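Q: Handing you a structure now.
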Amino acid sequence: MTTAYHRALATPGAVRFVPAAFIGRLPIAMVSVGTVLFVQARTDSYGLGGAVAATSAVGEALLAPRLGRALDRFGQARVLLACLACHLAAMATLIATVAAGAPHPVWFTAALVAGGSLPPVAACSRARWSARLSGDELLGTALALESALDELVFVLGPVLVTMLAVLVTPAAGLIAAMVFLTAGTTALVFLRDTDPGPRDAEITTRPRMLRDPGTRTVLVVFFCIGLAFGGVDVSMVAFAREEGLAAVGGLLVGLFAGGSALSGLVYGARAQSRPLPDRFLRAATFMAFGMTLPLAGVALPLMIPLALLAGATSSPTLITGNALVERLVDAQARTEGFTWLTMAVVSGLAAGTPVAGMLVDSGGAHHGLLVTAVAGLTIGIAALLGRRAIASRHGSAASRPGVGATQPAATALDGGGAAPPGRPPHCDHATIAR
């Protein structure tokens with residue numbers, strides 16, 4: 001397994017842009033938790049803190065596809081710098097106005113702008129891999145590595161921001177997130193040799209992503225994944241409190257993310273023989289089952305392994321779903337395609353978190369986990385209903401010149417044929433930052 005990832009990291013420029021993107025995406029898992037903790041410390045209201053954090057997520061969901069389109073059109077450097085400046089200004093405004101007790105609408109406005117201008121570092125990293133390895137069998141391994149890094153972010157980020165907020169000052173977590181984002185984004189800006197843009201002409205993926213039944217199915221599945229994650233995040237913390245061990249809540253969420261990271265690494269290094277649409281349906285089916293597992297966690301010793309197993313079923317679905325978009329969207333617009341998937345997951349999180357919270361308030365942690373279970377079942381049903389549309393679109397994409405099975409390397413990438421001599425076959429995957 002390590003050999004495959006070593007070969008992927010040997011790609012020119014990878015050892016520079018991968019660490020930069022990892023540092024730059026840490027704030028993805030820090031800003032939401034940090035906002036809740038900061039606002040709660042100033043107002044003694046978790047509800048208000050959650051509402052401000054949700055507003056930031058709404059801003060990100062609304063603008064992510066447009067930022068992706070701009071990244072493809074103008075190149076990453078210009079857009080990332082503009083996003084970074086806007087985000088830092090909005091976050092500074094949010095921190096200052098909350099600390100000063102300014103009117104709440106000012107808080108929500110600042111949070112909306114901060115979320116909408118958050119630099120899509122993870123999508124930029126995947127676009128660089130895609131530009132470097134398009135048609136190469138190593139693309140799947142590279143993007144599976146991205147999946148594992150995403151999950152690592154969601155293991156480390158909440159722990160780091162909570163420690164800073166508790167041990168230093170309530171605003172320290174948000175300030176640290178701004179520092180990490182500045183360091184990682186600036187490093188990517190200066191790595192212009194791996195920047196896949198700008199393009200000569202703008203290509204818009206929105207009509208195809210929204211109107212095509214195949215890509216629409218992937219978006220629905222990713223929205224439901226966000227719903228499931230939102231249910232897990234709230235309900236696991238509530239479950240730990242019910243068990244009298246509030247500090248274990250973060251551990252349960254971390255186990256879920258850790259299971260996903262581990263399964264992503266293993267899945268990315270395995271040889272695959274099934275066509276990509278079949279792998280997507282199979283992964284979605286496993287995830288439909290996996291999201292019901294936490295309902296059986298009636299006690300903490302049982303919930304710990306169930307959280308790990310449930311998380312392990314999520315990464316293959318994310319990986320194969322992003323792989324479909326990587327194959328179906330024009331090369332000139334892949335960053336936008338990835339950000340549409342980000343928007344779908346973030347929208348699901350924004351919807352699932354408050355619904356799960358209300359169910360937890362009314363009936364306990366296991367009522368909140370019903371959001372995760374129902375979302376999981378919907379993932380399986382949506383993938384099953386859309387399987388023909390996905391297979392049809394995937395076949396059409398594979399027949400396009402320079403994209404599909406007409407090229408030996410691309411055939412191996414898709415799992416539909418033998419690998420080139422001397423190179424093991426494996427699948428084409430990708431995923432997004434939750």
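The values are calculated or read from the model by the stated rules, or taken from the named source; none is laboratory data. Values in this document were obtained by computation on a predicted structure and should not be read as measured data. Every residue, glycine as well, gets a Cβ built from its backbone with ideal geometry; the counts of neighbours run over all protein chains shown. Only protein heavy atoms, including side chains, enter the accessible area calculation; ligands, DNA and RNA are left aside. Shrake-Rupley method; radii C 1.70, N 1.55, O 1.52, S 1.80 Å.
Q: What's the number of the condition residue 33 fails, among (1) modelled with pLDDT under 85; (2) over 22 Å from residue 121 (Cβ atoms)?
A: Result: residue 33 fails condition (2) only.
Q: Separate question: Determine whether residue 152 is closer than 28 Å to residue 266 by Cβ, surrounded by fewer than 24 Cβ atoms within 10 Å (Cβ to Cβ) and in contact (Cβ under 8 Å) with a residue 24 or more places away in the chain.
A: So residue 152 fits the description; yes.
Q: Have a look at 85, 114 and point out the one that is open to solvent by 30 Å² or more (accessible area, probe 1.4 Å) and over 21 Å from residue 322 (Cβ atoms).
A: 85
Q: Out of the residues in region 252-304 that are polar (S, T, N, Q) and under 22 Å from residue 153 (Cα atoms), which is surrounded by the most Cβ atoms within 10 Å (Cβ to Cβ)? Working first, answer last.
A: Step one: of region 252-304, the residues polar (S, T, N, Q) are 260, 263, 272-273, 285, 292.
Next cut, under 22 Å from residue 153 (Cα atoms) only: 260, 263.
Values: 260: 32, 263: 26.
Taking the candidates together, the pick is 260.
Q: Let me ask something additional. List every residue pair whose Cβ atoms sit under 8 Å apart, with the two residues 6 or more apart in sequence or on different chains, where the first one lies in region 58-71 and is closer than 12 Å to residue 350 by Cβ and in contact (Cβ under 8 Å) with a residue 60 or more places away in the chain and the second, anywhere, is of a type in the set (Asp, Glu) and open to solvent by 20 Å² or more (accessible area, probe 1.4 Å).
A: none
Q: Could you pull out the residue among 169, 215, 185, 194 that is within 27 Å of residue 95 (Cα to Cα), modelled with pLDDT of 80 or more, polar (S, T, N, Q) and surrounded by 17 or more Cβ atoms within 10 Å (Cβ to Cβ)?
A: So the residue among 169, 215, 185, 194 that is within 27 Å of residue 95 (Cα to Cα), modelled with pLDDT of 80 or more, polar (S, T, N, Q) and surrounded by 17 or more Cβ atoms within 10 Å (Cβ to Cβ) is 185.
Q: Filter region 118-149 down to the residues that are outside any helix (DSSP H, G or I) and open to solvent by 10 Å² or more (accessible area, probe 1.4 Å), then identify the one that is modelled with the highest pLDDT.
A: Keep residues of region 118-149 that are outside any helix (DSSP H, G or I), which gives 118-120, 134-137.
Applying the additional criterion that residues be open to solvent by 10 Å² or more (accessible area, probe 1.4 Å) yields 118, 120, 134-136.
On the way: 118: 92, 120: 88, 134: 72, 135: 69, 136: 73.
Selected residue: 118.
Q: State which residue is least open to solvent (accessible area, probe 1.4 Å) when the search covers only region 45-57 and only residues that are in a helix (DSSP H, G or I) and free of Cβ contacts under 8 Å to residues at least 24 places away in the same chain. So that I can check it myself, show each step before the final result.
A: Initially, region 45-57 is screened for residues in a helix (DSSP H, G or I), giving 46-57.
Pick out the ones that are also free of Cβ contacts under 8 Å to residues at least 24 places away in the same chain and you get 46-47, 49.
Values: 46: 131, 47: 57, 49: 0 Å².
The extreme case among them is 49.
Q: Looking at region 36-50, which of the residues that are among the small types (Gly, Ala, Ser) and over 21 Å from the mean Cα position of the chain (by Cα) is modelled with the highest pLDDT?
A: Going through region 36-50, the residues among the small types (Gly, Ala, Ser) turn out to be 41, 45, 47, 49-50.
If we keep only those that are over 21 Å from the mean Cα position of the chain (by Cα) too, we end up with 41, 45, 47, 49.
Details: 41: 85, 45: 77, 47: 71, 49: 80.
The selected residue is 41.
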